[in-house]
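The values are calculated or read from the model by the stated rules, or taken from the named source; none is laboratory data. Note that the structure is a prediction, hence the values are computed from the model and not measured. As a convention, Cβ positions derive from the backbone with ideal geometry for all residues, glycine included, and neighbour counts pool all protein chains shown. Calculation scope for accessible area: heavy atoms of the full protein, side chains included, ligands and nucleic acids excluded. Shrake-Rupley method; radii C 1.70, N 1.55, O 1.52, S 1.80 Å.
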Amino acid sequence: MSETVQAEKATLPSEEAVLYPPPAHVLERARVKSYEELYKESIENPEAYWEAEARELEWFKPWERVLDWQAPFARWFVGAECNITHNCLDRHVKTWRKNKLGLIWESESGETRTYSYFSMHREVCRFANVLKSLGVHKGDRVTIYMPRIPEQVFAILACARIGAIHSVVFGGFSVEALFDRIQDAESRVLITADGGFMNGKMVPLKSMVDQVAGRSPCLESVLVVRRTGEPVAMEAGRDYWYHDLAELPISQRPCPAESLDSEHPLFILYTSGTTGRPKGIVHVHGGYMVQVYTTLKNVFDLDDEDRYWCTADAGWVTGHSYIVYGPLLMGATMFMYEGAPTFPYPDRWWRLVARYGITVLYSTPTAIRGLMRFGEAWPDRHDLSSLRLLGSVGEPINPEAWRWYHRVIGKERCPIMDTWWQTETGGFMISPTPCVPLKPGTATRPLFGIEVDVVDDRGQSVEPGQDGLLVIKKPWPGMLRTLYKNPELYKEVYWSRFEGRYYSAGDSARKDKDGYIWVVGRVDDVIKVSGYRLGTAEVESALVSHPAVAEAACIGKPHPVKGNSIKAFVVFVAGFTPDDNTSEELREHVGKELGKIARPDEIDFVSGLPKTRSGKIMRRLLKAQELGLPIGDTSTLED
Ligand code: WTA
């Protein structure tokens, strides 16, 4: 086993962890009453399982084959035509759900907006018409850089409706990150807003866009949604107010969902990997739609009386799958909140749960740990009895946070669905459904139709209790199809480790004697900071872009709230003498280049970095030293 795996081992909870059986009120209404049977059946014939699920949705043209697997390239629902937005909107508008609330939104300052399925359909059609009027065609990439407002959802759906491929860039990312993503996707159109609000402050999105628009040769038009009302510069011939175009008569015309091949790309989402720049993960309409629909249905058991809230930002995959697409595919009522959990007080979320009668709350370990710090009095001031199920995603949830979430928020009546998945997987892969007994700290068992294992370096299953690498053994409908413009890298990153046999997730894990999977953490150079996925390479290149820095290396360090924090080691250029402000200046620089979330917590000034003879930085040595772990094999060390 690689040393990185061992180094991460540190805090695995005991396998003897108590089992939490499903409470009767949850089990009673659970769609799936017995995990074992359905799982066994689904694995014996995964194609039949997924096909039956696909039949619950509407297709413009049926498939000829469920799966075409030319390892490692998959095509699902081959020959079929569909459009995910037809299933998100049109399918419901034909029924009584036309009048059902689809989206309830509250801003940080307390404004509210609500949309029925009928009005969401209208808004999305109008948005799609506006995109068409800007010359957006099927297959074009559109970059979306927006605050958390309903128009963010409509913009995404509008792209999908006309077969354009959206590339959403998280609104917390900075100018350089946005610039890289626009270039790589070669977007001609960018959708943004004049600004957004977070933590009581205004985020000047449009002026950030102005810093990249001028030097992005591919970019022709910038569509600006009015949100803050603050004055912004509008460049004639390039920048358009959304509301101006939306008012035009041509924007009011019907806009039927484009009939698309089920393998037509739906979106590109850039995410961090081991080396170099973020990679463009490509997902498609058909298979992704089926997986997101099925997993949300089985894991969160959504029904018409539910009010579901996923606290993520639509700029990350969690938001794509389980704010935008999943709930709408289910015809559910979703709630969306624009701001920070602690604004103006640390009870904002609990206030929202009570005010809107949220039944299913899907959040992150970091948020839970962050809110735990403020004590139980804050949630205890509110009536949280509407809650039925809780969810967690993004990183392993430590048992202490799990228990707090379960006891203080869920009042011991709400099972926690700890969902393990990745940007690459499209939807949940390992997660309990409400009928599965829980152990704090594990995402439990693989979902139906999904075959996973924990293996050693040669691809052999390891014994229960042993650490190994998490792999996925069979293709699944929501899997990424490729890396944008880079199928070779796709093969190498995910499929080369076990010669094309298994998908390698990049996580280390352990199975216990009950078959529960305990994910330990990343084995590559990805750091999960507050659940956000960052690559050491990105942070290092941001540091090196500072004129004083010659070389940099970053590692993740366990952090009580954020899960991991970033520690950087920098070597200065000859002749540069750091002073008391240098650390802060470098932090700010990374914030500006990449985004605040990427700022290192600690920066050490060093005279050199440990490298292999071929010149690769040995981050694991820095990490071992920092955490007081065994240094391990140093035979490749240069010096
Ligand atoms: C980690 C987020 C443990 C894991 C949806 C994975 C988790 C990476 C869990 C993907 C979980 C996500 N338990 N670890 N429930 N969920 N992870 O692409 O390391 O941002 O490989 O997708 O997050 O991160 P990504």
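Residue-by-condition table, conditions (1) crowded, with 20+ Cβ neighbours inside 10 Å; (2) under 24 Å from the mean Cα position of the chain (by Cα); (3) over 18 Å from residue 72 (Cα atoms):
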{"residue": "431", "(1), (2), (3)": "yes, yes, yes"}
{"residue": "442", "(1), (2), (3)": "yes, yes, yes"}
{"residue": "445", "(1), (2), (3)": "yes, yes, yes"}
{"residue": "454", "(1), (2), (3)": "yes, yes, yes"}
{"residue": "460", "(1), (2), (3)": "no, no, yes"}
{"residue": "470", "(1), (2), (3)": "yes, yes, no"}
{"residue": "476", "(1), (2), (3)": "yes, yes, no"}
With respect to residue 264, determine if the residue is open to solvent by less than 20 Å² (accessible area, probe 1.4 Å) and either in contact (Cβ under 8 Å) with a residue 60 or more places away in the chain or in contact with a Cys (Cβ under 8 Å, 6 or more places away or on another chain) (or both). no
Of the numbered conditions (1) in contact with a Pro (Cβ under 7 Å, 6 or more places away or on another chain); (2) part of a helix (DSSP H, G or I); (3) within 12 Å of the ligand (Cβ to nearest atom); (4) open to solvent by 10 Å² or more (accessible area, probe 1.4 Å), residue 395 fails exactly one; give the number of that condition. (2)
Is it the case that residue 293 is within 20 Å of residue 353 (Cα to Cα) and either more than 16 Å from the ligand (Cβ to nearest atom) or in contact with a Gly (Cβ under 8 Å, 6 or more places away or on another chain) (or both)? no
So the strands (runs of 3 or more DSSP E) completely within the range 214-275 holding 1 or more residues that are within 16 Å of the ligand (Cβ to nearest atom) are 265-271
Qualifying positions in the range 189-228 - open to solvent by 10 Å² or more (accessible area, probe 1.4 Å) and among the basic types (Lys, Arg): 201, 215, 226, 227
Taking the range 511-523 on its own, how many of its residues are open to solvent by 10 Å² or more (accessible area, probe 1.4 Å) and either within 9 Å of the ligand (Cβ to nearest atom) or hydrophobic (A, V, I, L, M, F, W, C) (or both)? 5
Looking only at residues that are under 26 Å from residue 435 (Cα atoms) and open to solvent by less than 10 Å² (accessible area, probe 1.4 Å) in the range 366-392, which one is nearest to the ligand (Cβ to nearest atom)? 392
Suppose we filter 607, 565 for residues that are out of contact with any Cys (no Cβ under 8 Å at 6 or more places or on another chain), loosely packed, with under 14 Cβ neighbours inside 10 Å and not aromatic (Phe, Trp, Tyr); which single one remains? 607
Go through the range 423-469 and report how many residues are of a type in the set (A, V, I, L, M), more than 12 Å from the ligand (Cβ to nearest atom), within 24 Å of residue 25 (Cα to Cα) and part of a loop (DSSP other than H, G, I, E, B). 2
Taking the range 593-639 only, how many residues are in contact with an Asp or Glu (Cβ under 8 Å, 6 or more places away or on another chain) and of a type in the set (D, E, K, R)? 7
With the requirement that a residue be part of a helix (DSSP H, G or I) and crowded, with 19+ Cβ neighbours inside 10 Å, what does the range 51-77 give you? 53, 54
Cβ pairs under 7 Å, 6+ apart or interchain, first in the range 451-479 and more than 30 Å from residue 326 (Cβ to Cβ), second of a type in the set (Asp, Glu), ordered by first then second residue, are 461/453; 462/456; 464/512; 465/15; 465/512; 468/456
Quick one: would you say residue 176 is touching a residue at least 40 places away in the same chain (Cβ under 8 Å) and either open to solvent by 60 Å² or more (accessible area, probe 1.4 Å) or out of contact with any Leu (no Cβ under 8 Å at 6 or more places or on another chain) (or both)? no
Residues of the range 179-188 satisfying the condition of being open to solvent by less than 60 Å² (accessible area, probe 1.4 Å) and either assigned to a helix (DSSP H, G or I) or in contact with a Gly (Cβ under 8 Å, 6 or more places away or on another chain) (or both): 179, 180, 181, 182, 183, 184, 185
Filter result for residue 563 (of a type outside the set (Ser, Thr, Tyr), in contact (Cβ under 8 Å) with a residue 60 or more places away in the chain and under 13 Å from residue 603 (Cα atoms)): no
Out of 275, 271, report the one residue that is under 16 Å from residue 178 (Cβ atoms), at pLDDT below 95 and surrounded by fewer than 23 Cβ atoms within 10 Å (Cβ to Cβ). 271
By residue number, the members of the range 548-562 that are open to solvent by 10 Å² or more (accessible area, probe 1.4 Å) and of a type outside the set (A, V, I, L, M, F, W, C) are 551, 557, 558, 559, 560, 562
Hits in the range 139-156 - residues which are under 14 Å from residue 89 (Cβ atoms) and either within 17 Å of the chain's Cα centre (by Cα) or open to solvent by 10 Å² or more (accessible area, probe 1.4 Å) (or both): 153, 156
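Got at least one residue in the range 495-510 being assigned to a helix (DSSP H, G or I) and either touching a residue at least 60 places away in the same chain (Cβ under 8 Å) or open to solvent by 10 Å² or more (accessible area, probe 1.4 Å) (or both)?
Yes, there is a match, as at least one residue in the range 495-510 is assigned to a helix (DSSP H, G or I) and either touching a residue at least 60 places away in the same chain (Cβ under 8 Å) or open to solvent by 10 Å² or more (accessible area, probe 1.4 Å) (or both).
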So in the range 297-343, with the set limited to residues that are polar (S, T, N, Q) and either in a helix (DSSP H, G or I) or within 16 Å of the ligand (Cβ to nearest atom) (or both), which one is farthest from residue 285 (Cα to Cα)? 311
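Look at residue 48 and say whether it is in a helix (DSSP H, G or I), without any contact (Cβ under 8 Å) to a residue 60 or more places away in the chain and touching a strand residue (DSSP E or B) at 6+ places or on another chain (Cβ under 9 Å).
yes
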Within the range 88-105, how many residues are open to solvent by 10 Å² or more (accessible area, probe 1.4 Å) and of a type outside the set (A, V, I, L, M)? 9
